Amino acid sequence: MRLMNKAEREALKSVYDRGPIVVSNKKISYTAFRRMAYYSSLNGCFMVPWQGMILGIEKDGYTHS
């Protein structure tokens, strides 16, 4: 398991701040959202579900779907 670096954490926070993250009709906290992120060794980046899609967060903080 790889831990997020500062750029990845800042990018994840930026995604969270875009709007409320709702799971099962409840707004979740940033901590809960961060726990949803997982490292994909196949893609070489962290992946996180957001608004019906999966976002990839690269080591430099670049975020893409």
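Would you be able to tell me the number of residues in region 26-52 that are within 14 Å of TYR16 (Cα to Cα) and in a strand (DSSP E or B)?
5
Please work out which residue is modelled with the highest pLDDT, limiting yourself to region 5-35 and to residues that are more than 10 Å from the chain's Cα centre (by Cα), over 15 Å from GLY52 (Cβ atoms) and of a type in the set (A, V, I, L, M, F, W, C).
Applying the filter and picking the extreme gives ALA7.
Name the pairs whose Cβ atoms lie under 9 Å apart, with the first residue in region 44-65 and touching a residue at least 60 places away in the same chain (Cβ under 8 Å), the second aliphatic (A, V, I, L, M) and crowded, with 17+ Cβ neighbours inside 10 Å, and 6 or more positions between them or separate chains?
Between residues of region 44-65 that are touching a residue at least 60 places away in the same chain (Cβ under 8 Å) and residues that are aliphatic (A, V, I, L, M) and crowded, with 17+ Cβ neighbours inside 10 Å, there is no close pair.
What number of residues in region 53-64 are in a loop (DSSP other than H, G, I, E, B) and in contact with a His (Cβ under 8 Å, 6 or more places away or on another chain)?
Looking only at that region, the number is 1.
The values are calculated or read from the model by the stated rules, or taken from the named source; none is laboratory data. This is a predicted model, so every value here is computed, not measured. Every residue, glycine among them, receives a Cβ derived from its backbone with ideal geometry; neighbour counts consider all protein chains shown.
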